[in-house]
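Following: one structure in structure tokens, then a few remarks.
A short reminder: the numbers here are calculations on the coordinates, not readings from a lab. Everything numeric in this text was worked out from a predicted model, so none of it was measured. So basically every Cβ, Gly included, is an ideal-geometry build from the backbone, and we count neighbours across all protein chains shown.
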Amino acid sequence: MSNIENRHKLGKIHIYTGDGKGKTTAALGLAVRALGNGLRVGIIYFDKGGDYYNERKILDKLKPDGLEYKAFGQTRMVEKKGFRFENVPADFADAEDAILTAEKWMKKRLDLMILDEINTTVKTGLLKVEKIVNLLGQKPAHLELILTGRYAPDEVLKFGDLITEMTMVKHYMSEGIPARKGIEF
């Protein structure tokens with residue numbers, strides 16, 4: 001099947017949610033597969049600013065044709081304090097910039113776009129669900145769209161063609177093992 005024929009079969013909405021590990025990992029795996037098939041991929045990271053998320057280092061080194069990404073959000077990892085849960089004003093501005101960028105990118109000729117952690121932004125109060133629903137209403141028919149993050153709102157789930165809920169059955173973090181570089185981030 002040629003890339004042109006393959007593109008005509010695109011256009012679904014995937015939602016990866018749940019409390020288990022692997023939502024972003026699955027989305028990135030799909031991005032690699034799409035790029036390997038000559039598709040154009042965009043990744044927008046919501047609330048994942050800073051240099052804490054190291055998968056972007058390899059994306060920068062590889063610089064694969066057909067990939068662009070942009071990370072939004074203030075650094076959440078604070079040295080010696082751990083993860084910062086409270087929102088600061090810049091977090092709200094960055095979330096708004098991220099959703100506006102997603103709207104612009106939908107007008108580009110991308111084949112697949114990942115909105116990483118967009119689901120979580122509603123639970124954390126960074127975005128109103130209506131903003132995400134409005135964005136989903138603008139999706140071009142050909143665009144394969146992936147939304148990741150815990151707490152996918154019911155209003156968003158209604159749009160899903162493929163919904164995967166990652167369920168935590170067992171996780172070593174419950175034994176006090178912190179997030180590990182190269183595995184969790």
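For the peptides 142-149, 89-96, the ranking by mean Cβ contacts within 10 Å, running from highest to lowest, is 142-149, 89-96. Equivalent ellipsoid of the chain: semi-axes from √(5λ) of the C-alpha gyration tensor, largest first, are 26, 19, 17 Å. Rounded to the nearest 5, what % of the DSSP beta bridges within the chain are antiparallel ones? Expressed as a percentage, antiparallel bridges in the chain total about 10.
Amide H to amide H, with H built 1.01 Å from N, residue 118 comes under 5 Å of 46, 148, counting only residues 5 or more places away or on other chains.
When the helices of the chain are scored as -39500 (n - 2.57) per DSSP H run of n ≥ 4 and the total is divided over every residue, the value at 222 nm lands at -9000 deg cm²/dmol. Sorting the segments 99-112, 154-167 by their mean number of nearby beta carbons within 10 angstrom, highest to lowest, gives 99-112, 154-167.
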